[in-house]
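Asks: The following block contains the structure, expressed as structure tokens.
The values are calculated or read from the model by the stated rules, or taken from the named source; none is laboratory data. No experiment lies behind these values; they were computed from the predicted model shown. With ideal geometry, Cβ positions are generated from the backbone for all residues, glycine too; neighbour counts draw on all protein chains shown.
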């Protein structure tokens, strides 16, 4: 009996020591419940949130489930965050529908909810801080046109045809080409689920069918790496490849010249803007319905630029 | 129902709690102390809404842990409980949303699918003599894959089945006592636990469950069809996973086909914290229930205290080891 009591006592003590910054009732406290935690992308979002937390003197916590399938775990995290009577909540929904009862609860308590990374299908969040994927993909189209000289055939290897990011990036690219570059023909859009191997096979099939292809746009990290692999397996060297996001393989491909360049989102900015908007909303200030957290185009010339290097991850 | 080989005849209550009642008392005392500790540490912890959040977080893991308890008492292990839960949720989604069948049929289909998959695992273990760890590891992967195949790797929503989300989210208790809006999911957990405790304590199946874990060879030599009973236990555990599948699908109002991996380990952790022996022959449902509650209180409490997520995991792991060690020390003394 004594043993167990000691153990639990010790454990509680450890817990207390670890929680150096318990948010008190008066303090401004903003929990962020994200889609993930251990991936480099989410750690970069957390770094941005920490930066805002220091700058504005607000307490934050950043949590997310171990992987993006654990919808119920994320709901439990949101429930625990609500229990702390926070000033505002940042939330990146894995599944909008599952979270709605809790979001409604937040609304009833008068706690502003800020959606980040991807939107929530509901009118409860006061704003959404995320990358403008349409604008980012348009920039990719501009860069593609510039590199291939304004005319010729190109293809798109996308990651999926249903998710918000998949649709926005594909359409952003296609519409820009259609509107601005009449001499460029997009011969095909193929979907590789962001899987390296699948995207590699797709790329090889596209190249076989279109030997005169001038460029390929890969819409996320996995797609872009697949394109690079496919192109090098086919022994092509004069193709313009534009990628998306970062990661070690993609950065290496850009440094070696295999890839012309890529769009990177600004995960640090997503975290920073979320905390900033949460604070402003809780003070009753107007916040725009959508906050574009920004994006950059990077290539071998600016990959080591401090501003760019800060938002890239391995 | 007759009880095999019982020298003493304890009361129903004592039987439900198990002979080692004071061991459960210990686990219970730890739970209370965690609750008190967290309440002192944070004023936000002990609120009705947070207590309900904890109970709701326990419901799915609790039901899975009850299923795992049955199998573990036979000396086996079931690694497939998490993905079986998902598989059953997907089956419910197909039956209700894709085929448009009425609600009770969807629920029965999920439970039936669970029982069938449990029977498959049981057959692999009992008839084909594949070690439970391997047999259920195989099932775990098969079911994970099948869930993705059947659902076309997309979540299936239950918007066309009115009332489905109320199975877990609604509150019958809250309708009667508005001050206590305990979700139905929690109610179902307690009903499942009571039923499982009754089966373990009062039925032939229960007696053989313990007997298989204590000394399977002796049971077999005394002329009992051990294969049949073992397959029955795995089927029952599978059916309980089906109930967990309904609970999680209802809570999320969708069947999420990629979910489920990793849930088996949390269920096993709850079983072990609750004092059930991994070598079989000993264990209680009440202990498991307390174990699941301890896990949920710990996770929630550390979150409410704003402990960094990296450290939450470390503390949870340490608590599992300490709890089991304390239990072993106590048993040596006894």
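Asks: Which of the residues spanning segment A:195-219 are in contact with a helix residue (DSSP H, G or I) (Cβ under 9 Å, 6 or more places away or on another chain), in a loop (DSSP other than H, G, I, E, B) and at pLDDT 90 or above?
Replies: First, the residues of segment A:195-219 that are in contact with a helix residue (DSSP H, G or I) (Cβ under 9 Å, 6 or more places away or on another chain): A:195-207, A:213-219.
Filter once more, keeping what is in a loop (DSSP other than H, G, I, E, B): A:195, A:213-214, A:219.
If the condition is that a residue be in contact with a helix residue (DSSP H, G or I) (Cβ under 9 Å, 6 or more places away or on another chain), in a loop (DSSP other than H, G, I, E, B) and at pLDDT 90 or above, then A:213, A:214, A:219 are the ones that fit.
Asks: Further question: Assuming residue B:193 fulfils every condition listed in (1) exposed (fewer than 15 other Cβ atoms within 10 Å of the Cβ); (2) assigned to a helix (DSSP H, G or I) apart from one, which condition is it?
Replies: (1)
Asks: Next question. Filter segment B:145-173 down to the residues that are within 14 Å of residue B:91 (Cβ to Cβ) and assigned to a helix (DSSP H, G or I) and list them by number.
Replies: Those that are within 14 Å of residue B:91 (Cβ to Cβ) and assigned to a helix (DSSP H, G or I): B:146, B:147, B:148, B:149, B:150, B:151.
Asks: If you scan segment B:158-189, which residues turn out to be without any contact (Cβ under 8 Å) to a residue 40 or more places away in the chain and within 23 Å of the chain's Cα centre (by Cα)?
Replies: B:170, B:171, B:172, B:173, B:184, B:187 - these are the residues of segment B:158-189 that are without any contact (Cβ under 8 Å) to a residue 40 or more places away in the chain and within 23 Å of the chain's Cα centre (by Cα).
Asks: Within segment B:42-51, which residues are buried (at least 19 other Cβ atoms within 10 Å of the Cβ) and assigned to a helix (DSSP H, G or I)? Show your work before the answer.
Replies: Let us first name the residues in segment B:42-51 that are buried (at least 19 other Cβ atoms within 10 Å of the Cβ), namely B:42, B:44-45, B:50.
Within segment B:42-51, B:50 is the sole residue that qualifies.
Asks: Regarding segment A:278-292, can at least one residue be identified that is part of a helix (DSSP H, G or I) and outside the structural domain of residue A:106 (by TED's automatic domain parsing)?
Replies: The first filter runs over segment A:278-292 and keeps only residues part of a helix (DSSP H, G or I), leaving A:278-282.
Subsequent filtering for residues that are outside the structural domain of residue A:106 (by TED's automatic domain parsing) retains none.
No, segment A:278-292 has no match at all.
Asks: Is it the case that some residue within segment A:41-61 is assigned to a loop (DSSP other than H, G, I, E, B), touching a helix residue (DSSP H, G or I) at 6+ places or on another chain (Cβ under 7 Å) and facing chain B (nearest Cβ under 8 Å)? Steps first, please.
Replies: Initial filter on segment A:41-61 (assigned to a loop (DSSP other than H, G, I, E, B)): A:57-58.
After this cut, where a residue has to be touching a helix residue (DSSP H, G or I) at 6+ places or on another chain (Cβ under 7 Å) as well, the list is A:58.
Now drop any that are not facing chain B (nearest Cβ under 8 Å), which leaves none.
The answer is no, given that none of the residues of segment A:41-61 is assigned to a loop (DSSP other than H, G, I, E, B), touching a helix residue (DSSP H, G or I) at 6+ places or on another chain (Cβ under 7 Å) and facing chain B (nearest Cβ under 8 Å).
Asks: What tally of residues in segment A:91-110 results from selecting those that are part of a loop (DSSP other than H, G, I, E, B) and within 20 Å of the chain's Cα centre (by Cα)?
Replies: The first filter runs over segment A:91-110 and keeps only residues part of a loop (DSSP other than H, G, I, E, B), leaving A:92-95, A:109-110.
Narrowing the set further to residues that are within 20 Å of the chain's Cα centre (by Cα) leaves A:92-95.
Summing the residues that are part of a loop (DSSP other than H, G, I, E, B) and within 20 Å of the chain's Cα centre (by Cα) in segment A:91-110 gives 4.
Asks: Is one or more of the residues making up segment B:65-86 in contact with a strand residue (DSSP E or B) (Cβ under 8 Å, 6 or more places away or on another chain) and at pLDDT 95 or above?
Replies: At the first step, the residues of segment B:65-86 found to be in contact with a strand residue (DSSP E or B) (Cβ under 8 Å, 6 or more places away or on another chain) are B:86.
Right, trim to at pLDDT 95 or above and you get B:86.
Yes: one or more hits.
Asks: Then there's this: At pLDDT 90 or above, outside the structural domain of residue A:32 (by TED's automatic domain parsing) and under 16 Å from the mean Cα position of the chain (by Cα): which single residue out of A:140, A:158, A:145 fits that description? Quick ask: steps written out before the conclusion?
Replies: Values: A:140 fails: under 16 Å from the mean Cα position of the chain (by Cα); A:145 fails: under 16 Å from the mean Cα position of the chain (by Cα).
From the options A:140, A:158, A:145, the qualifying one is A:158.
Asks: A further question on this structure: Anything in segment A:232-251 that is out of contact with any helix residue (DSSP H, G or I) (no Cβ under 8 Å at 6 or more places or on another chain), exposed (fewer than 14 other Cβ atoms within 10 Å of the Cβ) and part of a helix (DSSP H, G or I)? List them, or say none.
Replies: A:248
Asks: Okay, moving on. Kindly indicate whether any position in segment B:84-96 is surrounded by fewer than 24 Cβ atoms within 10 Å (Cβ to Cβ), more than 25 Å from residue B:319 (Cβ to Cβ) and away from chain A (no Cβ under 11 Å).
Replies: To start, the set of residues in segment B:84-96 that are surrounded by fewer than 24 Cβ atoms within 10 Å (Cβ to Cβ) comprises B:94-95.
Those left that are additionally more than 25 Å from residue B:319 (Cβ to Cβ): B:94-95.
Retained after the next criterion (residues that are away from chain A (no Cβ under 11 Å)): B:94-95.
Yes, that holds for at least one residue.
Asks: Of the conditions (1) within 21 Å of residue B:59 (Cα to Cα); (2) surrounded by 24 or more Cβ atoms within 10 Å (Cβ to Cβ), residue B:111 clears all except one; give me its number.
Replies: Failed condition: (2).
Asks: Give B:198, B:208 a once-over and let me know the one that is in a helix (DSSP H, G or I) and surrounded by fewer than 17 Cβ atoms within 10 Å (Cβ to Cβ).
Replies: One residue alone meets the criteria, B:198.
Asks: To continue, here is another question. Hey, can you tell me all the residues within segment A:91-104 that are under 22 Å from residue B:45 (Cβ atoms) and facing chain B (nearest Cβ under 8 Å)?
Replies: Within segment A:91-104, A:101 is the sole residue that qualifies.
Asks: Residue under question is residue A:187, and the condition is that it be buried (at least 18 other Cβ atoms within 10 Å of the Cβ) and not in a helix (DSSP H, G or I); does it hold? Even if it seems obvious, please write down each step before you answer.
Replies: On the way: buried (at least 18 other Cβ atoms within 10 Å of the Cβ): no; not in a helix (DSSP H, G or I): yes.
For residue A:187, the condition - buried (at least 18 other Cβ atoms within 10 Å of the Cβ) and not in a helix (DSSP H, G or I) - is not met.
Asks: Condition first: away from chain B (no Cβ under 11 Å) and either in a strand (DSSP E or B) or within 20 Å of the chain's Cα centre (by Cα) (or both). Now tell me which residues in segment A:62-90 satisfy that.
Replies: A:89, A:90
Asks: Scanning for something part of a helix (DSSP H, G or I) and crowded, with 22+ Cβ neighbours inside 10 Å, does segment B:212-222 turn up at least one residue? Give the derivation first.
Replies: Within segment B:212-222, the first condition is being part of a helix (DSSP H, G or I), and the residues that meet it are B:212-221.
Cutting the leftovers down to crowded, with 22+ Cβ neighbours inside 10 Å gives us B:212-213.
Yes, some residue in segment B:212-222 is part of a helix (DSSP H, G or I) and crowded, with 22+ Cβ neighbours inside 10 Å.
Asks: Answer with yes or no whether residue B:137 is touching a helix residue (DSSP H, G or I) at 6+ places or on another chain (Cβ under 9 Å), part of a helix (DSSP H, G or I), surrounded by fewer than 24 Cβ atoms within 10 Å (Cβ to Cβ) and without any contact (Cβ under 8 Å) to a residue 60 or more places away in the chain. Please lay out each step first, then the result.
Replies: Details: touching a helix residue (DSSP H, G or I) at 6+ places or on another chain (Cβ under 9 Å): no; part of a helix (DSSP H, G or I): yes; surrounded by fewer than 24 Cβ atoms within 10 Å (Cβ to Cβ): yes; without any contact (Cβ under 8 Å) to a residue 60 or more places away in the chain: yes.
Taking the combined requirement at face value, the residue does not satisfy it.
Asks: I've got another one for you. Can you name the condition, by its number, that residue A:117 falls short on among (1) surrounded by 24 or more Cβ atoms within 10 Å (Cβ to Cβ); (2) within 29 Å of residue B:59 (Cα to Cα); (3) modelled with pLDDT under 90?
Replies: Just one mismatch for residue A:117, condition (2).
Asks: What residue, of B:66, B:60, is over 21 Å from residue A:75 (Cα atoms) and either assigned to a helix (DSSP H, G or I) or more than 9 Å from every other protein chain (Cβ to nearest Cβ) (or both)? Let's see the steps before the verdict.
Replies: On the way: B:60 fails: over 21 Å from residue A:75 (Cα atoms).
Going through B:66, B:60 in turn, the sole match is B:66.
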